[in-house]
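Everything on this sheet refers to the single structure shown next.
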Amino acid sequence: MKPIFTLLGVLALSGCAALPDDLTTPEGQTLLPFAEAGTTAAAQQAVLWGGEIASVSNLAQGSRVEVVQFRLNASGRPIKSDESGGRFRIEVEGFIDPAIYAPGRLVTAQGLFTTTQAGTIGEHPYTFPVLSTQKVHLWPEIKDPPERCDCDPFLHSPFMMRPIIVVPQKN
C-alpha cells in the first residue's frame, strides 16, 4: 500500500512545474540569463525569457514584440513584480495579431539572442536585446474571482423564507 502512495505522490509532483511543450529545451543546454545580454559578445546563445507585452509592431519582414522582462517561475510563466531587468524585443517571422498579443498580456519566448538594437522608450534612448524565435508562448489571462460567491442556490432564492422574529410585549 505504501508504494502506491509513493508512486501517486511522485506522479503528482512531476506534473506541477513542467514547461509547456513549445518551450522545452534540449537537456543539458545552457540558457543565457537576461542580465548577461547587454553585449553582442553573447550573440547566438539560446535564451528563455519572458515578461509583459509593452507593444507589438508588424513589419514587412515579420513582427516585433517589445516585452518588459520579468523573471520566470518553474513552469516558465513570468512573475509580475515591481522589479524588471529591462526590456527586450522578440522578432518573429510572420504576422502577430496585436489584438491577441495585446499590451499587458504575459509571454515567454525561447530562441536565440541575436544582437542589440538602439531604440527609445518614449523619448528615452534604450538598447534592446533582440531574441529571434518561432516559439512564443502567450499565457492565458487569469481572471479575478468574483467578490461575492453565488454558490448557495438557496441563500438568494426568492423562495427562501425569511425568519419571523416575534418579540413579546410586556403587559
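The values are calculated or read from the model by the stated rules, or taken from the named source; none is laboratory data. Keep in mind that what you see is a predicted model, and the values were worked out from it rather than measured. As a convention, Cβ positions derive from the backbone with ideal geometry for all residues, glycine included, and neighbour counts pool all protein chains shown.
Restricting attention to segment 41-83, the residues being part of a strand (DSSP E or B) and closer than 16 Å to Pro103 by Cα number 18.
Taking the criterion of being out of contact with any Pro (no Cβ under 8 Å at 6 or more places or on another chain), touching a residue at least 24 places away in the same chain (Cβ under 8 Å) and of a type in the set (Gly, Ala, Ser), the residues of segment 32-85 that qualify are Ala35, Ala42, Ala43, Ala46, Gly62, Ser63, Ala74, Ser84, Gly85. With respect to Arg105, is the statement that it is modelled with pLDDT of 80 or more and basic (Lys, Arg) true? Judged against the criteria, Arg105 is a match.
Only a single criterion out of (1) part of a loop (DSSP other than H, G, I, E, B); (2) at pLDDT 90 or above is not satisfied by Phe154, namely (2). Among the residues of segment 94-103, not a single one is of a type outside the set (Phe, Trp, Tyr) and not in a loop (DSSP other than H, G, I, E, B).
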